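Below is one structure, written out as structure tokens; the observations come after it.
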Amino acid sequence: DAAPRTQGPATRLVIVANRLPVRWSDEGEEGGRWIPSPGGLVSAVGPAIAQRPGDAAWIGWTGAATEEEPFEVDGLHLHPVAMSDDEKVLFYDGMSNGTLWPLYHDKVVPSEFHRHWFDGYKRVNRRYAEAAAAAAGPEATVWVHDYQLQLVPGMLRELRPDLRIGFFLHIPFPPPEVFQALPWREQLAQGMLGADLNGFQTPEAAANFRRLTMRLGLAEAHGDESVVAGDRVVRACAYPIGIDVARYEGAAHDRETTERARDLRARLGAPHTVLLGVDRLDYTKGIDVRLRALKELLDEGSLNPATVTMVQIAQPSRDDVEAYITLREEVERLVGQINGDHSRVGFPILHYIHQDVEFEELMAMYRAADVMLVTPFRDGMNLVAKEYVAARYDLTGSLVLSEFAGAATELADALLVNPYDVDGLKAAIVRAVSMPPAEARERMERMRAAVEANDASEWADRFLRDLAADRERVTT
Ligand code: F6P
């Protein structure tokens with residue numbers, strides 16, 4: 001429930017992220033309602049912050065162009081940042097998702113460089129920095145998130161030198177050799193150096209950042225996990241993000257979830273095996289190659305359409321960006337081909353859902369699926385893989401996981417695949433479908449231990465504790 005709120009003068013912890021944890025949906029009763037924002041950032045950071053005692057504020061975009069008043073949802077103080085339609089094109093569609101997103105994800109599609117996009121990015125980053133400066137109490141902690149806001153830590157340090165500033169990147173950070181192509185490489189790296197602590201999903205990403213700052217001549221090496229920039233020590237190391245384990249495990253055990261899962265399998269035609277994919281419709285997620293693998297397996301008869309069904313959730317995402325429009329066309333062409341060739345009337349082989357899915361329905365899907373396919377070409381972490389594991393309390397089910405997802409480090413007991421290798425993917429799917437229960441059990445047990453060992457709120461505690469620790473002084 002949303003309630004209006006006026007800004008408190010002494011907020012001790014301010015979260016700054018592109019999106020607020022909720023966004024406005026025009027659908028539903030009485031002309032609209034707040035629904036959870038998409039993506040792993042919100043699903044991990046939201047609960048981690050909500051569980052913390054004390055006064056926390058969250059600064060972000062509601063998805064609307066108009067100015068809105070601060071309000072409260074589930075005890076979190078939310079400060080909306082407005083973005084005009086033009087600014088959305090330059091900052092969000094353009095620099096964030098047309099330049100940085102593809103560059104940081106192995107250039108799966110080409111990254112475009114446009115000076116007016118960067119100008120819009122600077123302008124919107126400044127707005128977030130100013131909003132954070134206004135919301136934070138004296139010597140408060142500000143935790144800035146993700147690639148859309150890389151300039152914010154530097155801007156904020158200039159506005160409010162008294163603050164403790166942390167930055168966490170939820171997506172991969174590329175090697176300097178790739179990053180250096182950016183015409184604004186110094187500004188972006190300087191922006192992040194404004195933070196006291198930079199967190200990354202993997203040690204490789206953190207090392208890439210440290211190496212970059214040194215190569216650009218902005219910082220010098222300092223121990224294993226820090227650099228020195230000017231007179232400040234800036235830490236840059238890995239904090240692999242987790243999920244809210246209790247929430248997922250609790251919901252998985254729910255009787256209603258069990259009934260929904262049973263009902264779901266019945267509606268799918270009571271197949272022997274249910275395969276599942278859950279992604280934002282994003283070209284980094286490997287949905288197209290995954291569907292090609294499914295198609296070939298069905299075409300060759302390695303999978304029997306009478307006993308296997310697949311559900312692919314493809315949550316709408318960034319649908320004003322050209323590369324996403326093209327991907328949608330390709331995925332939907334493949335869905336049509338696969339269903340045309342292998343479905344029977346009333347029993348589609350592939351259920352393709354290009355819609356947001358509510359939490360309860362998602363949990364039922366995780367419970368109903370025998371094989372989960374998470375095969376991104378590159379992914380900072382991928383929390384869907386962890387959510388599936390958390391839902392499998394009965395130690396059944398197999399996970400096929402891309403070796404290029406950050407989650408592969410912790411979930412080494414999944415069937416790891418190269419997501420570009422159609423034959424390898426096919427072999428892994430066949431192996432997952434026919435895995436002996438004892439092997440599935442052993443793998444799931446180990447994966448569950450890994451997921452349970454890294455809960456989202458512990459992740460947030462760890463980051464914030466390290467951010468609060470006394471900074472080393474540099475003497476010259
Ligand atoms: O994790 C990467 C990320 O871009 C998050 O910042 C974001 O919350 C999520 O993916 C969804 O993307 P978007 O906000 O562009 O819909």
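The table for this structure:
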item: Residue under evaluation residue 206, criteria (1) surrounded by fewer than 21 Cβ atoms within 10 Å (Cβ to Cβ); (2) within 23 Å of the chain's Cα centre (by Cα), criterion not met; result: (1)
item: Residue satisfying all of: in the stretch 438-452; free of Cβ contacts under 8 Å to residues at least 12 places away in the same chain and small (Gly, Ala, Ser); surrounded by the most Cβ atoms within 10 Å (Cβ to Cβ) among these; result: 449
item: Hits in the stretch 297-339 (condition: more than 17 Å from residue 351 (Cα to Cα) and either more than 16 Å from the ligand (Cβ to nearest atom) or surrounded by fewer than 15 Cβ atoms within 10 Å (Cβ to Cβ) (or both)); result: 299, 300, 301, 302, 319, 320, 322, 325, 326
item: Spans of strands (runs of 3 or more DSSP E) in the stretch 54-135 with at least 2 residues buried (at least 20 other Cβ atoms within 10 Å of the Cβ); result: 56-61, 76-81
item: Residue match in the stretch 231-238 (condition: surrounded by fewer than 23 Cβ atoms within 10 Å (Cβ to Cβ) and at pLDDT below 95); result: yes
item: Qualifying residue in the stretch 29-36 (condition: closer than 19 Å to residue 315 by Cβ and within 14 Å of the ligand (Cβ to nearest atom)); result: yes
item: Selection from the stretch 310-325 of residues that are under 20 Å from residue 365 (Cβ atoms) and either in a loop (DSSP other than H, G, I, E, B) or touching a helix residue (DSSP H, G or I) at 6+ places or on another chain (Cβ under 9 Å) (or both); result: 310, 311, 312, 313, 314, 316, 317
item: The stretch 379-400: number of residues that are touching a residue at least 60 places away in the same chain (Cβ under 8 Å), part of a helix (DSSP H, G or I) and of a type in the set (A, V, I, L, M); result: 5
item: Residue ID - nearest to the ligand (Cβ to nearest atom), chosen from residues in the stretch 136-165 that are buried (at least 24 other Cβ atoms within 10 Å of the Cβ) and in a strand (DSSP E or B); result: 144
item: Exclusive hit being under 25 Å from residue 472 (Cα atoms) and among the β-branched types (Val, Ile, Thr), set 171, 165; result: 165
item: Residues that are touching a strand residue (DSSP E or B) at 6+ places or on another chain (Cβ under 8 Å), surrounded by 16 or more Cβ atoms within 10 Å (Cβ to Cβ) and not in a loop (DSSP other than H, G, I, E, B), drawn from the stretch 425-436; result: 425, 428, 429, 432, 433
item: Selection within the stretch 86-106 - over 16 Å from residue 185 (Cα atoms), away from the ligand (no atom under 12 Å from the Cβ) and not small (Gly, Ala, Ser); result: 86, 87, 89, 90, 106
item: Failed item, numbered, when residue 398 is tested on (1) surrounded by fewer than 16 Cβ atoms within 10 Å (Cβ to Cβ); (2) touching a helix residue (DSSP H, G or I) at 6+ places or on another chain (Cβ under 8 Å); (3) not hydrophobic (A, V, I, L, M, F, W, C); result: (1)
item: Candidate set: the stretch 241-285, residues that are within 17 Å of the chain's Cα centre (by Cα) and away from the ligand (no atom under 16 Å from the Cβ); chosen: the one surrounded by the fewest Cβ atoms within 10 Å (Cβ to Cβ); result: 245
item: Inter-residue pairs, beta-carbon under 8 Å, first without any contact (Cβ under 8 Å) to a residue 60 or more places away in the chain and in the stretch 26-45, second basic (Lys, Arg), 6+ apart; result: 27/33; 34/23; 37/19; 37/23; 42/19
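The values are calculated or read from the model by the stated rules, or taken from the named source; none is laboratory data. On a predicted model such as this, the values are computed, not experimentally measured, just so you know. A quick note on method: Cβ atoms are made from the backbone with ideal geometry, for glycine too, and the neighbour counts reach across all protein chains shown.
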